[in-house]
1. Answer yes if at least one residue in the stretch 326-338 is more than 31 Å from the chain's Cα centre (by Cα), outside the structural domain of GLY215 (by TED's automatic domain parsing), assigned to a loop (DSSP other than H, G, I, E, B) and surrounded by 16 or more Cβ atoms within 10 Å (Cβ to Cβ), and no otherwise.
2. Could you say which residue among ARG389, ARG353 is crowded, with 16+ Cβ neighbours inside 10 Å and charged (D, E, K, R)?
3. Report the residue count in the stretch 106-145 for those that are part of a helix (DSSP H, G or I) and in contact with a Ser or Thr (Cβ under 8 Å, 6 or more places away or on another chain).
4. Identify, from the list ALA171, ALA149, the residue that is of a type in the set (Gly, Ala, Ser), in contact (Cβ under 8 Å) with a residue 40 or more places away in the chain and in a helix (DSSP H, G or I).
5. Could you look through the stretch 339-352, keep only residues that are within 14 Å of LEU285 (Cα to Cα) and outside any loop (DSSP other than H, G, I, E, B), and pick out the one that is nearest to the chain's Cα centre (by Cα)?
6. Give the residue that is nearest to GLY266 (Cα to Cα), with candidates limited to residues of the stretch 389-405 that are assigned to a loop (DSSP other than H, G, I, E, B) and of a type in the set (Gly, Ala, Ser).
7. Restricting attention to the stretch 307-325, which residues are under 27 Å from ASN424 (Cα atoms), of a type in the set (D, E, K, R) and surrounded by 17 or more Cβ atoms within 10 Å (Cβ to Cβ)?
8. Report yes if some residue within the stretch 330-353 is at pLDDT below 95 and among the β-branched types (Val, Ile, Thr); otherwise report no.
Amino acid sequence: MARGHRKGSQAIQGLSKVVNFLRELTPEVLHFGHKSGCVDASNGAQSNEFRPMNAFHTMPRLAYLVSEYPATSHTFILREVVGLRTRGFDIVTASINADARPLTSVTDEERAERETTYVLKRHGVRGAIGALAWTLRRHPRGFARGLKAVLQRSACNPRLAGKHLFHWLEALMVGRWMDRQQASHLHVHFATAGASVASLTRRIFPITLSMMVHGPDEFAQVDREHFAAKVEAADFVFCISHFARSQTMYHSAPNHWHKLDIVRLGIDPEVFKPARRKSSADFSLLCVGRLVPAKGQHLLLEALLRLRAQGKTISLHLVGDGPDRESLQHFCRRQGLDGQVEFHGALNHDEVRSMYARCDAFALPSFAEGIPVVLMEAMAAGLPCISSRITGIPELISDGETGFTAAASDVDELVTRLGQLVDNPGLRQQLGEAGRQRVCDDYNLAQNVGILAERFRNRLAALA
């Protein structure tokens, strides 16, 4: 504990030395107060000196910032960007981390996005130094405001001072890139690390900011991650569900609630269609998701054991990879489930779609979720789905009508629901058809991107 405190104190002292050095370098501009007529960027009001980079355009160029783009787990963001572009939006993309997948694992569309996406970490120290010098010259007051914000965040938790300093440097890089791209509005998905960078960018540069809140990870450490400050810094916030909006309200001040709009995610029902499945005595169950504790795959294995004891044999297909893979495989070997469970690893978009066509039902017994896009895909493909009765999932699945939900961690209920699907092909068809209709009605990609486009236009027009 003492060692961690000393490291935190050293980090704060290091930041203070940087501030003192910069004050001595340009004392007339690098101050931490506000001159008459200049308002903190996080409050939305701006003087003529602090005017958005592209303020004279009615529809600004949008910059999307993502932690990793394109990525298998962020396919929905790619679909969103493409959909907005077809509706006349001019969008450029930036990614903090590079897409690490081999070229053979990405689609042509993803490859094209890779080539045009600005990747911060690819530019390293040289890019950070260049952005620092450029910002100091072009936006000295914003430079100081951003550094002050880093000191304030570090004071709350000195051990995280280094992380905040890196976020500040990344914010400088994002701001310089946006200036080169003539983009004046920044949009970020997830109120996590990317939003930390984005909120600092908003504080430093003459831009506007929006973010999309998904949950539940954003709500896990709201104090450490300064969630309320991110909502305050944003000019408007989209939430993917009523659950996400309720939690955003819970963790932010009521005077910012007017910024919150619900905009659902979606998938293309024409891409994910019901397939004619071959009649078979074997029942195939599909689960798509990273092999991590939050997804609850261990519960599925326990359910398979209990169903086998009842004389019901299920073949389980696990798609995804992650740290739980070894323990899941060990459980299968120990319990003699090797012949029933197949580990497919991470698959690309097209390969996952083919898995929907192969299986009879879909299960995702998670402990924490927003509203999983894979559930929307499986429902659109006509698969009866079982998931946990948590967070935003009941907004997608009405239990017993458009699928089944079970109490999180309740293996008994999971076994009962799976048994019903195994024994009743008619029920599978009924739930599959109703689930697809729910997605077509409320989680249709084209429809919801259209709503997003309208909300963007209205919100950006109000800021002009």
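The values are calculated or read from the model by the stated rules, or taken from the named source; none is laboratory data. Quantities reported herein were computed from a predicted structural model and do not represent experimental measurements. No Cβ is skipped: glycine too gets one built from the backbone with ideal geometry, and neighbour counts run over all protein chains shown.
1. yes
2. ARG353
3. Of the residues in that region, 7 qualify.
4. Working: ALA171 fails: in contact (Cβ under 8 Å) with a residue 40 or more places away in the chain.
Within the list ALA171, ALA149, the selection yields ALA149.
5. VAL352
6. GLY392
7. If the condition is that a residue be under 27 Å from ASN424 (Cα atoms), of a type in the set (D, E, K, R) and surrounded by 17 or more Cβ atoms within 10 Å (Cβ to Cβ), then no residue fits.
8. yes
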